[in-house]
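Q: Below is one structure. I have some questions about it.
We did not get these values from a lab; they are worked out from the coordinates using the rules stated. Treat the numbers as computed from the prediction; the structure is a model and nothing was measured. Glycine gets a Cβ as well: all are built from the backbone with ideal geometry, and neighbour counts include every protein chain shown.
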Amino acid sequence: MPHDYESCLAAAGYLAERTGMRPEIALVLGSGLGSLADEVEGATVIPYGEIPGFLLSTAPDHAGKLVAGRIAGRPVAVMSGRFHCYEGYSMAESSAYVRVLRLWGVKSLILTNAAGSINPDNRPGDLMLLTDHIKLQKESPLAGPNDTRFGPRFFDMTRCYDPDYQALARRCAAALGIPLKEGVYIYFAGPQFETPAEIRAARLLGADAVGMSTVPEVITAAHCGLRTVAISCLTNMAAGVEPGPVTGEEVNRTAASASARFRQLLRRMVEMMDV
Ligand code: HPA
């Protein structure tokens, strides 16, 4: 979608009018995690195609709708389905919705995704808090002219995974008795899963999990001053970590089987989150 200020403002204005609300917290649901949208009470459901300038989400198991309403009494927007570079979108296009959320009034972003586990100590079904990320691609969602209405040309990434929100995730998980792993997420553009050699290289670089989303959004969010926390559902062991192929079916199956726990954790985080 267009990522210029005026286009993002038009989409934000549409959402404010259509929903009659300005949510402070937005959640983005990754592959196989769409059922989390059922948590929303008093929901206004808006298919992406109805939002001016929004892209269509073509990934399997990504519903492509924005659900606005309340979770634990707090006004939220839930993005059920997101956009990926493997769908043919640039990083700027695929993460422009983050700017729309910001202009709509959102202050805090909770990103979820499905990821492959590079770290052999973690298992499919585990949840992993992102403490940092690695992007090897030269593309950035912020390449090109900078609009200072969103943020400065050069901007800090040392706190792009908000430390207070990381602490919140740990506290909520502990209180619920949900094990929460932590680690570094490495971005690969896909749509092919990685080769075993790529995963061995990623492990040497310090990555614990691999996926095809989240990083463009985290960069865009850091630029426009959204506080962000991201959690992966580790849906499979990454290529070559264990024998056997990596499949989309396994990703969706594991994500669905972990979704009740994930949902509980997210609900508690929304309830307790300072914005
Ligand atoms: N690699 C990349 N993306 C993924 C994976 C994986 O192994 N699992 C879920 N998303």
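Q: Put a dot 7 Å past each Cα toward the Cβ at ARG253 and VAL45; how far apart are the dots in nm?
A: With each label point 7 Å from Cα toward Cβ, the separation is 2.7 nm.
Q: Sticking with this structure for a sec: Going by how many other beta carbons lie within 10 Å of each one, how would you line up ASP156, ASP147, fewest first?
A: Details: ASP156 9, ASP147 17.
So the ranking, lowest neighbour count to highest, is ASP156, ASP147.
Q: In debye to the nearest 20, how big a dipole does the chain give about its Cα centre with +1 on each Lys and Arg Cβ and -1 on each Asp and Glu Cβ?
A: Working: 26 positive and 29 negative charges, 107 e Å.
Value, rounded to 20: 520 debye.
Q: Which three extents, in whole angstrom, do the alpha-carbon atoms of the stretch 208-255 cover along their principal axes, largest first?
A: Sorted largest first, the three principal extents are 42, 19, 13 Å.
Q: Provide Rg and Dmax in Å for the chain, with only Cα atoms included in the calculation.
A: 17.3, 52
Q: Could I ask something else about it? Mind jotting down the three principal axis lengths of the stretch 1-121 based on Cα atoms? Whole angstrom, largest first.
A: Principal-axis extents of the Cα atoms in the stretch 1-121, largest first: 46, 34, 23 Å.
Q: Run the quick spin-label model on MET272 and ASP121: label points 7 Å from Cα toward the beta carbon, then report their separation in nm to one decimal.
A: For MET272 paired with ASP121, the spin-label model returns 2.2 nm.
Q: Using amide H atoms built 1.01 Å from N in the peptide plane, name the residues 5+ places from THR228, or on other chains, whose amide H lies under 5 Å from its own.
A: Amide H to amide H, under 5 Å and 5 or more residues apart or across chains, THR228 pairs with LEU109, ASP162.
Q: Taking amide H positions as placed in the peptide plane 1.01 Å from N, state which residues far from LEU180 in sequence (5 or more) or on other chains have amide H under 5 Å from it.
A: Correct list: empty.
Q: Can you give me the long-range amide H partners of VAL40? Hydrogens built in the peptide plane at 1.01 Å from N, cutoff under 5 Å, separation of 5 or more residues or another chain.
A: none
Q: Give me a comma-separated list of calculated 3J(HN,Hα) values for the stretch 73-85, in order, Karplus coefficients 6.51, -1.76, 1.60 applied at θ = phi - 60°, integers in Hz, x for any Gly or Pro.
A: In residue order, the calculated couplings are x, 9, x, 9, 10, 10, 8, 9, x, 10, 10, 10, 5 Hz.
Q: Can you give the charge dipole size of the stretch 178-221 about its Cα centre, rounded to the nearest 20 debye, using +1 on the beta carbon of Lys and Arg and -1 on the beta carbon of Asp and Glu? Please report the intermediate quantities before stating the final value.
A: Numbers: 3 positive and 5 negative charges, 24 e Å.
Roughly 120 debye for the stretch 178-221.
Q: Per residue of the chain, what 222 nm ellipticity follows from adding -39500 (n - 2.57) for every DSSP H run with n ≥ 4, rounded to the nearest 500?
A: -10500 deg cm²/dmol, from helical runs alone.
Q: State the Cα centre-to-centre distance between the stretch 183-218 and the stretch 133-167 in whole Å.
A: What the calculation gives is 18 Å, centre to centre.
Q: Say each of GLU6 and GLU24 gets a label point 7 Å from the Cα, pointing the same way as Cα to Cβ; how far apart are those two points in nm?
A: For GLU6 paired with GLU24, the spin-label model returns 3.3 nm.
Q: Which stretch or stretches of the stretch 105-132 have amide N atoms under 14 Å from the point lying 7 Å from MET157's Cα along the Cα→Cβ direction?
A: Output list for this probe position: 131-132.
Q: Taking 0.36 nm per residue of sequence separation and subtracting the Cα-Cα distance, how much length would be gained by fully extending the chain between ASP164 and LYS138, in nm to one decimal? Working shown, then result.
A: Values: separation 26, 0.36 × 26 = 9.36 nm, distance 2.96 nm.
Length gained, ASP164 through LYS138: 6.4 nm.
Q: Answer with one residue from MET79, GLY42, CYS8: the one whose Cα lies farthest towards the positive end of the charge dipole of the stretch 1-103, charges on Cβ with Lys, Arg +1 and Asp, Glu -1.
A: So the residue we want is GLY42.
Q: May I ask you to compute the full-extension gain from ASN146 to ARG70, defined as 0.36 nm times their residue separation minus their alpha-carbon distance, rounded to one decimal in nm? Display every interim value, and only then the final one.
A: Working: separation 76, 0.36 × 76 = 27.36 nm, distance 3.42 nm.
Once the chain is fully extended between ASN146 and ARG70, it gains 23.9 nm.
Q: What is the Cα centroid distance between the stretch 1-47 and the stretch 226-267, reported in whole angstrom?
A: 23
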